[in-house]
Amino acid sequence: MAYKPTYLTAAGKRKLEAELDYLRTVRRSEVAQHIHEAKEGGDITENAGYDEAKNEQAFVEGRIMTLEALLSKVEIIAEFQSGDIIHLGSRVTVVEKGGAPEGFLIVGSAEADPSDGRISDESPLGRSLLGHRAGDRVVVQAPDGPMEFEILEVA
C-alpha cells in the first residue's frame, strides 16, 4: 500500500494527541478495572458484564491503534495561507444557486466535520474546489445529481 499522509491542522493534531493520551492513561485502566470487577462476579462464560467490558477493551485498543497510525504519518497543513488558489487549509465561501453563502475550511479526512464547517479535501465538494479561485464555478456530482457552486471568497 502506498504511503498516504494524514493531513491535519496543528489544532487537529493536538486534539488527536490528547485523545490518544486520554485513551492510554485513563480509559485503559478504567476498562481493566471493569474487566477485573466482572471477573469477580463469578463464571465469565455467562457474564454479560465481562463480555461488555471485553468489547469495550477491544474498542479502546482499536481506537488507540487507529490514532497511532494516523499520527505516525502526519503532515501539518497551514491554515489561513494567503493566496487565491484553493488548497488544503484554505477558508472558502461558496454559494449554491438560490442558497445562502456557506463557509468551509478545507482539511484532511481525519479532521473533517461538516457540521463545524470543516470539509475533507477528499469529499466531493472539497475535491471539486481544490485548485480553483474566487469567481470560479464548480460542479459537484452529488447523489441527487449535479450541484453548481460559485466560489465567492478564498482566504
Next item on the list: Having 3 or more residues that are closer than 23 Å to residue 142 by Cα and either out of contact with any Gly (no Cβ under 9 Å at 6 or more places or on another chain) or not β-branched (Val, Ile, Thr) (or both) is the bar; report the strands (runs of 3 or more DSSP E) wholly within the stretch 56-131 that clear it.
Entry: 91-96, 102-107
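Each row is one residue, and each column tells you yes or no for (1) over 29 Å from residue 20 (Cβ atoms); (2) at pLDDT 95 or above; (3) loosely packed, with under 15 Cβ neighbours inside 10 Å.
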{"residue": "42", "(1), (2), (3)": "yes, no, yes"}
{"residue": "51", "(1), (2), (3)": "no, no, yes"}
{"residue": "100", "(1), (2), (3)": "yes, yes, yes"}
{"residue": "129", "(1), (2), (3)": "yes, yes, no"}
Check: Looking only at residues in the stretch 10-51 that are of a type in the set (A, V, I, L, M, F, W, C) and in contact with a Lys or Arg (Cβ under 8 Å, 6 or more places away or on another chain), which one is nearest to residue 75 (Cα to Cα)?
Finding: 23
Next item on the list: Please work out which residue is farthest from residue 88 (Cα to Cα), limiting yourself to the stretch 102-122 and to residues that are among the hydroxyl-bearing types (Ser, Thr, Tyr) and touching a residue at least 12 places away in the same chain (Cβ under 8 Å).
Entry: 109
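The values are calculated or read from the model by the stated rules, or taken from the named source; none is laboratory data. Remember, predicted model here, so these are calculated numbers, not experimental data. Positions of Cβ are generated from backbone atoms using ideal geometry, with glycine treated the same way; all protein chains shown enter the neighbour counts.
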